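See below for the structure under consideration.
Taken together, the values in this text are just the output of simple stated rules run on the coordinates, not laboratory data. Note that the coordinates shown come from a computational prediction; the quantities given were computed from them, not determined experimentally. Glycine gets a Cβ as well: all are built from the backbone with ideal geometry, and neighbour counts include every protein chain shown.
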Amino acid sequence: MKNSNKLGLVFSIVAAISVFLPWAKASSSYSAGGFGSGSYSTGAISGITLGVGIAGMLFALAAAYLSFNRMKQTWIVGTIMLIDSVYYLITMGNAGGRSSASYGGYSASASVSVDPQIGLFVFALSSLLILVTTLKDRKG
């Protein structure tokens with residue numbers, strides 16, 4: 001443990017744990033003129049159930065291994081993890097939508113939204129900190 005990058009290892013473990021936290025929450029609602037309305041919301045979806053979360057877990061474990069062995073290439077894995085989380089945040093921001101229609105005296109509308117949750121933000125922050133601490137360790 002003497003030759004390991006302790007901060008990189010800690011942030012890698014935090015990133016691996018964050019995959020089991022909620023990453024997304026989806027909700028939808030509808031309204032059909034005088035016929036009624038309703039809404040539906042999923043519970044929080046953990047990162048491990050998503051493909052991006054599984055990839056994040058593999059990269060977090062790789063970063064932990066590389067940090068433990070104090071390899072100079074660890075910052076590359078941190079960069080990939082950061083790109084992974086930012087990509088998912090952008091994808092999630094583009095998900096969802098709203099639609100409405102009317103015909104004669106009748107109207108209907110529906111909306112769907114997907115919102116990021118705490119686990120994704122923890123993963124993104126951990127990835128950034130892995131990148132920063134391992135770059136600092138690489139130069140030192």
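Brief remarks follow.
- For the stretch 100-117, the Karplus equation 6.51 cos²θ - 1.76 cosθ + 1.60, evaluated at θ = phi - 60°, returns couplings of 8, 8, 9, 9, x, x, 9, 9, 8, 8, 8, 9, 9, 9, 10, 10, x, 10 Hz by residue, with Gly and Pro reported as x.
- Placing dummy labels 7 Å off each Cα toward the beta-carbon, the span from residue 13 to residue 135 is 2.5 nm.
- Comparing 76, 90, 54 in a Gaussian network model of the chain, where Cα atoms under 10 Å apart are tied by springs, the biggest mean-square fluctuation is seen for 90.
- Counted residue by residue at 0.36 nm each, then reduced by the alpha carbon distance between them, the extension gain from residue 86 to residue 121 reaches 11.7 nm.
- Residues whose placed amide H lies under 5 Å from that of residue 46, excluding near-sequence neighbours: 23
- Evaluated at q = 0.22 Å⁻¹, a Debye calculation over the C-alpha positions of the stretch 34-101 (equal weights, vacuum) places log10 I(q)/I(0) at -1.00.
- Scanning the chain for trypsin sites (Lys or Arg not before Pro) in DSSP loops with at most 14 neighbouring Cβ atoms within 10 Å leaves 3-71 as the longest stretch between them.
- Were the residues from residue 28 through residue 111 laid out at 0.36 nm apart, the gain over their Cα-Cα distance would be 29.3 nm.
- Longest to shortest principal axis, alpha-carbon extents of the chain, angstrom: 74, 22, 17
- Over the chain: helical MRE at 222 nm, DSSP H runs n ≥ 4 each giving -39500 (n - 2.57), nearest 500: -18000 deg cm²/dmol
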